[in-house]
Amino acid sequence: MKTVNHWIDGKAVEGASGTYGPVTDPATGARTTRVAFASAEEVDAAVAAAKAAFATWGTSSLATRTAILFRYRALLDAHRAEIAELITAEHGKVHSDALGEVARGLEIVELACGITTQLKGELSTQVSGGVDVASIRQPLGVVAGITPFNFPAMVPMWMFPLAVACGNTFVLKPSEKDPSPAILLAQLAAEAGLPEGVLNVVNGDRTAVDRLLTHPDVAAVSFVGSTPIARRIQRVATEHGKRVQALGGAKNHMLVLPDADLDAAADAAVSAAYGSAGERCMAVSAVVAVGAAGDELVAKIRERAEKIKIGPGDDPSSEMGPLITREHRDKVASYVRGAAAQGAEVVLDGTGFTVEGYENGHWIGLSLLDKVPVGADAYRDEIFGPVLCVLRAESYEEGLALINSSPWGNGTAVFTRDGGAARRFQLEVEAGMVGINVPIPVPVGYHSFGGWKDSLFGDHHIYGNDGVHFYTRGKVVTTRWPDPADSGVDLGFPSHR
């Protein structure tokens, strides 16, 4: 059986704790790999390597950093199929989704390649007689990233390329459910010339996480995951004096107004709700249909959903793969099975779905619930699976109020032909990312990704300008140099007096 170990100080390091976790192929349910779980001492070794590397990396030239990042970008591009295959093998998403994940991660590597323009400071001359003031940004030191299972390559690439471009060193703790992509990312970084200790990967569970949160040499922590854990990450890390950027869960709504192109809205709802088996924080899990749009929209969604082909991620004909674990599959199914008793209409029930020849895989079909009450578990909780809830509203105002009453505020969308309604929505909705006739409004790399309310803990969104600011701290320098004519030494400068 394959073993995934750690990457510390520029080389693979075997796990020493004696504790391992299972990694399964979601399509077959078979255990294919074991992953070493780091002890606190092993985390300490990774942090020590990062701290030692920061002594030189933190003062390295921007030209040196960007040259390495350009080589890294080229290697990632050359190996994107290999990375995608690892994602499919351990996460289960179809190959096209996995390739898309790598592409979105590459956007942030490209942003990091242009860090020279992001780190430019400001200068004000002659603020007083002979006095200049400059603002500069400097790296923090050792920073850590804790990343989720649903994007095992993309989310790490949302963090460490920008962090190291800013001059920091990095310790990554990827999800123990699909750890192999992170190790390959680190190996390719070393091949690109990233010095030993600048990027380290420690696998593990809560023991590794807690040590990173409390380690005195870790200056900042980035996290993406569920809201309860994001809340805890922020509390523990800030109690230990760290800067925190913790992205939590979501219940993303799509408001469909009566004037919308319902075919386009149905296409968008199916793609956004069921793509990547619903295992993404930007999935649309709730459609709010306004007025007469509801019945026709539900019929169109059902028609499209029934045509989605579910199968192994390495089958080119598959459009949706399995869920990550059997336990998660069973939890997702429980929301569908309990929906009717809580007042919802079950239009599609995917809980009995399986794939011939892969009966032990973590399969679930597409589920569509209509007229879902706001008190139903399927609406109240983040399901993180291919379950779409449709709620009804009589007006724009009622739909907006429903969306704004959610404790989450990650992403949202409106479908309409009315520019005035769209403008009102983008200003009035309480969410960090808004789509206008765009179902999944994930920003491009040079804008920042992040939500509001219980979807974000900390002051900075991830990547973009917010990412640069998170991984650096500002310093203001006020300077006065004596005029050479006042030095008492004749250097040939004329007097100004």
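Here are the numbers:
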{"read-out": "Residues located in the stretch 255-269, provided they are within 13 Å of Val438 (Cα to Cα) and in contact (Cβ under 8 Å) with a residue 60 or more places away in the chain", "value": "Leu255, Val256, Ala260, Asp261, Ala264, Ala265, Ala268, Ala269"}
{"read-out": "Test: residue in the stretch 311-323 that is out of contact with any helix residue (DSSP H, G or I) (no Cβ under 7 Å at 6 or more places or on another chain), crowded, with 22+ Cβ neighbours inside 10 Å and aliphatic (A, V, I, L, M)", "value": "no"}
{"read-out": "Residue check for Ala220: outside any helix (DSSP H, G or I) and touching a Leu at 6+ places or on another chain (Cβ under 6 Å)", "value": "yes"}
{"read-out": "Any hit, the stretch 121-131, residues being farther than 22 Å from Phe470 by Cβ, in contact with a Ser or Thr (Cβ under 6 Å, 6 or more places away or on another chain) and either open to solvent by less than 50 Å² (accessible area, probe 1.4 Å) or not charged (D, E, K, R) (or both)", "value": "no"}
{"read-out": "Search result, residues across the stretch 300-310 that are outside any loop (DSSP other than H, G, I, E, B) and either hydroxyl-bearing (Ser, Thr, Tyr) or open to solvent by 60 Å² or more (accessible area, probe 1.4 Å) (or both)", "value": "Arg302, Glu303"}
{"read-out": "Residue within the stretch 149-170 that is assigned to a strand (DSSP E or B) and not acidic (Asp, Glu) present", "value": "yes"}
{"read-out": "Failed criterion for Ser276 (all others in (1) among the hydroxyl-bearing types (Ser, Thr, Tyr); (2) open to solvent by less than 10 Å² (accessible area, probe 1.4 Å); (3) touching a strand residue (DSSP E or B) at 6+ places or on another chain (Cβ under 7 Å) hold)", "value": "(3)"}
{"read-out": "Unique match (being of a type in the set (Asp, Glu), surrounded by fewer than 17 Cβ atoms within 10 Å (Cβ to Cβ) and modelled with pLDDT of 95 or more) among Glu394, Glu382", "value": "Glu394"}
{"read-out": "Scope the stretch 356-371; condition closer than 20 Å to Arg304 by Cβ and either outside any loop (DSSP other than H, G, I, E, B) or open to solvent by 20 Å² or more (accessible area, probe 1.4 Å) (or both); matching residues", "value": "Ser367, Leu368, Leu369, Asp370, Lys371"}
{"read-out": "From Ala45, Ala55, residue being part of a helix (DSSP H, G or I), free of Cβ contacts under 8 Å to residues at least 60 places away in the same chain and in contact with a strand residue (DSSP E or B) (Cβ under 7 Å, 6 or more places away or on another chain)", "value": "Ala45"}
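Every residue, every condition in (1) in a strand (DSSP E or B); (2) without any contact (Cβ under 8 Å) to a residue 24 or more places away in the chain; (3) in contact with a Leu (Cβ under 7 Å, 6 or more places away or on another chain), yes or no:
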position: Gly21; (1), (2), (3): yes, no, no
position: Arg34; (1), (2), (3): yes, no, no
position: Ser60; (1), (2), (3): no, no, no
position: Arg73; (1), (2), (3): no, no, yes
position: Ile83; (1), (2), (3): no, no, yes
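The values are calculated or read from the model by the stated rules, or taken from the named source; none is laboratory data. As the structure is a computational prediction, the values presented were derived from the model and not from experiment. Methodologically, a virtual Cβ is constructed for each residue, glycine included, from the backbone with ideal geometry; neighbour enumeration extends over all protein chains shown. Side chains are part of the model used for accessible areas, which takes the heavy atoms of the whole protein and leaves out ligands, DNA and RNA. Shrake-Rupley method; radii C 1.70, N 1.55, O 1.52, S 1.80 Å.
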